[in-house]
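Asker: Structure below; questions to follow.
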Amino acid sequence: MKKQLILLFLSAILSVSCKNSMVYEVSQVSGRSIPVSDSIPAHDSISEFIQPYKEYIDREMNAVLAYSPKDLVKTDGELNTALGNMMADAVMELANPVFKKRTGNSIDIVLLNHGGIRSSVEKGDITTRTAFQLMPFENEVVVAKMKGSAVRDLVRYLIDAGVAHPIAGLQLVLNSNNAIEKLLVQGEPVQEEKDYFVATNDYLLQGGDNMVFFSKANEVTSLNYKIRNLLIDYFSKHDIIAPVKDQRFIRLK
């Protein structure tokens, strides 16, 4: 009986609460910008707390991996640059063994984007920080399986773009009218129905920089290898980084 009275009492309370409950709606939302700058004074206790972590990160970022005998910039050539060639060649060199081990196939072409190169390489020591500055994004290497006809769309994109997108494995020679004089993949003419394996990054694969031709990929393999990490590995592997402009993509005068 006592238990029943308690339940009845609770039921009455809930009934009254439901009847008297109110529905609230948002009538206004306001905000203001609070800039984070040097004008905000440091808090000593917080600074002391993070100092050991900052020192560790600085040591890692400043670790010397290689040396560049000259400045490398992405604007020193019309259709190919030393810096862009280095980045494409690095992907070919280090991603290809991973891809071949997983699939039994080899990468035929590497294509990156000119806008994805976010910094230069200054003459002198190359550090881990250099790789982060070159590639601050989390982009990873992916390999798209494409027919020769889709590769021709890729080539047309390069011609129309008119900037030095980094490439490797591909030789493209244009005449003064932008017509193709020579087009080779791994030293051989492109065959329309042949399958080619094109390494790029996941952003471009999704149509970034209007590279919509990747939608024609028949198959995609993700290597789970960030391009930034690949660059760190490449710098660690080579003492001297001295790429050059070459004949991989040129226009005849």
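Bear in mind these aren't lab numbers, they're just calculated from the coordinates by the rules spelled out. Small disclaimer: the values here were computed from a predicted structure and weren't measured. Counting neighbours? That spans all protein chains shown, and the Cβs are built from the backbone with ideal geometry, glycine included.
Asker: Quick check on the chain: helices-only [θ] at 222 nm, where DSSP H runs of length 4 and up contribute -39,500 (n - 2.57) each and the sum goes over total residues. Nearest 500, please.
Answerer: Mean residue ellipticity at 222 nm (helix-derived): -12000 deg cm²/dmol.
Asker: Projecting each Cα onto the charge dipole of the stretch 108-253 (Lys/Arg +1, Asp/Glu -1 at the beta carbon, about the Cα centre), which of 154, 223, 175 comes out farthest on the positive side?
Answerer: Positive-most Cα among the choices belongs to 175.
Asker: Turning to a different aspect of this structure: What are the aspartates and glutamates whose alpha-carbon lies under 20 Å from the alpha-carbon of residue 70, with same-chain residues fewer than 8 places away excluded?
Answerer: By straight Cα distance, residue 70 reaches 78, 89, 122, 125, 239, 246.
Asker: Highest mean first, how do 183-190, 25-32 rank when packing is the count of other Cβ atoms within 10 Å averaged over residues?
Answerer: Taking the mean over residues of other Cβ atoms within 10 Å, the ranking is 183-190, 25-32.
Asker: OK, next. Given a 10 angstrom Cα cut-off, can you work out which residue in 203, 157, 56 is the most mobile in a GNM of the chain?
Answerer: Of 203, 157, 56, the Gaussian network model singles out 56 as fluctuating most.
Asker: What number do you get for the chain when its Cα radius of gyration is normalised by 2.2 N^0.38 Å, N = residues? Walk me through the numbers before you get to the answer.
Answerer: Values: Rg = 28.0 Å, N = 253, 2.2 N^0.38 = 18.0 Å.
Normalised Cα radius of gyration, the chain: 1.56.
Asker: On to the next question. Taking the Cα centre as origin and putting +1 on Lys and Arg beta-carbons and -1 on Asp and Glu beta-carbons, what dipole magnitude results for the chain, to the nearest 20 debye? Write down the numbers at each step before the final one.
Answerer: Details: 28 positive and 30 negative charges, 164 e Å.
Using only the charged Cβ atoms, the result is roughly 780 debye.
Asker: Let me ask something else about it. Can you give the local net charge around residue 234? Use residues other than it whose beta-carbon is closer than 14 angstrom to its beta-carbon, Lys and Arg +1, Asp and Glu -1. Display every interim value, and only then the final one.
Answerer: Working: positive: 226, 228, 237; negative: 89, 93, 233, 239.
Around residue 234, the surrounding residues sum to -1.
Asker: Just tell me which lysines come within less than 26 Å, Cα to Cα, of residue 194; anything on the same chain fewer than 8 places away is out.
Answerer: 100, 101, 145, 147, 182, 216
Asker: Given a 10 angstrom Cα cut-off, can you work out which residue in 176, 106, 236 is the most mobile in a GNM of the chain?
Answerer: Answer for the Gaussian network model of the chain: 176.
Asker: For the stretch 60-251, what's the relative contact order in percent, using C-alpha pairs closer than 8 Å and at least 6 residues apart?
Answerer: 36 percent
Asker: If I build a Gaussian network model for the chain, linking alpha-carbon pairs within less than 10 angstrom, which residue out of 54, 145, 70 has the largest mean-square fluctuation?
Answerer: Looking only at 54, 145, 70, the biggest GNM fluctuation is shown by 54.
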